[in-house]
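To start, the structure under review is shown below, and the notes come after it.
Only the coordinates and a few stated rules stand behind these numbers; no lab work does. Just so it is clear, the structure is predicted and the values come from calculations on it, not from any experiment. Every residue, glycine as well, gets a Cβ built from its backbone with ideal geometry; the counts of neighbours run over all protein chains shown.
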Amino acid sequence: MLIENFSKLVSKKYRDDIDFDKFITENKDFQVEFEREDDSLKFQKKLLAYDYGEVLEYLEDISLNETLSAEESIELFKNNNEESIEKIILDNICDIAVISLNFCKRGIEFLELTQEGMIGVLKGINNYSLEKGDFKRYLRNWISREISIYIEDRFLQQKAEFKYYLENTNNEELDLTNEEKKEKLEEINKLRIEDIPFTINNLEIRLLKLYFGLNKSKRFSIYEIEKELNLEKGKGEEEFYKILIRLSIIDGGMFLI
């Protein structure tokens, strides 16, 4: 199931933990496909110099994690102690990052989504039993679900805050006429979460996965990435830093006047 369809499904039917667990238990082969139906809907903004160090450090750190086998993960789950749970979270940290990259939208901080992903892992561990199928797939579904709910909640919160701001700020301060303010409010009322652009597109996510080894294979050099993704020679490094900057920019919300 594509990301957009998964988010709609969760919003309409599976915001309750018990209902979601029942759904993925009854559908053991269910999984989110980390591709987008419309990859053209990406946040466009002129990029200025920005501190991307925190995002870079995070991605560098998690690239060092070793991957556990399915058998090792299950054994840790059976141990059910604090140390084992911590190891399971670390084993899923690259999945959390990749899922966060795929879901990240304008006005949402990438590193915040990774924290929600960890909550998803913990909920998955708490709800899992051996008859529920593949452990890692089960956890990925919980990660995706927690991130999706967080984004929807932030959307609704920011939408309400933006409407309140428009309605309770005088026209002179907004530099709007009554008619213009009315039009803005109508636009906000009609806005759906699907209209909010993603922070980065599929190609940019692939670049990060290759560079940091987030697909749990070797790390690619910028030169290798240019060849792999058919990028113009010498443009890979420039594109890499633009992506990090975009993931680091938090400009105050999903909506602009």
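Please find the FRET efficiency linking L229 to L130, where r is the Cβ-Cβ separation and R0 is fixed at 45 Å, and quote it to the nearest 0.05.
0.70
Between A160 and I89, what's the calculated FRET efficiency when r is the beta-carbon distance and R0 is 25 Å? Round to 0.05.
0.15
What do you get when you divide the Cα radius of gyration of the chain by 2.2 N^0.38 Å, with N the number of residues?
My calculation over the Cα atoms of the chain gives 1.11.
Could you tell me how many degrees, from 0 to 90 and to the nearest 10, lie between the Cα long axis of helix 82-91 and the main elongation axis, the longest principal axis, of the Cα atoms of the chain?
Its long axis makes an angle of about 70 degrees.
What's the extension gain from K12 to T25 if we count 0.36 nm per residue and subtract their Cα-Cα distance?
So the extension gain works out to 2.9 nm.
Stretched out fully, how many nm does the piece from L111 to E179 gain, at 0.36 nm a residue minus the Cα gap?
Additional length available on full extension: 20.6 nm.
Which whole-number percent is the relative contact order of the chain (Cα, under 8 Å, 6+ apart)?
Answer for the chain is 28 percent.
Once phi is turned into θ = phi - 60°, what whole-Hz ³J(HN,Hα) does the Karplus curve with 6.51, -1.76 and 1.60 give for every residue of the stretch 61-76, x standing for Gly and Pro?
Per residue, the Karplus-derived 3J(HN,Hα) values read 4, 6, 5, 8, 5, 8, 8, 8, 6, 4, 5, 5, 4, 5, 4, 5 Hz.
For K105, which sequence-distant residues (separation of 5 or more, or a different chain) have an amide H within less than 5 Å of its own amide H, given hydrogens modelled in the peptide plane?
Result for K105 returns T199.
Amide H to amide H under 5 Å from L2: which residues, 5+ apart in sequence or cross-chain, H placed 1.01 Å off N in plane?
Under 5 Å from the amide H of L2: E33.
About the Cα centre of the chain, what is the dipole size in debye to 20, counting +1 per Lys and Arg Cβ and -1 per Asp and Glu Cβ, all else neutral?
Value, rounded to 20: 560 debye.
Kindly provide the Kirkwood hydrodynamic radius of the stretch 76-211 in Å, to one decimal, from all pairs of distinct alpha carbon atoms.
Hydrodynamic radius (Kirkwood, Cα pairs) of the stretch 76-211 is 17.4 Å.
Using the Cα centre of the chain as origin and beta-carbon charges of +1 (Lys, Arg) and -1 (Asp, Glu), tell me which of L229, L244, I85 is placed farthest towards the positive end of the dipole.
Value: L229.
Order of Y164, Y58 from fewest to most other C-beta atoms within 10 Å?
Y164, Y58
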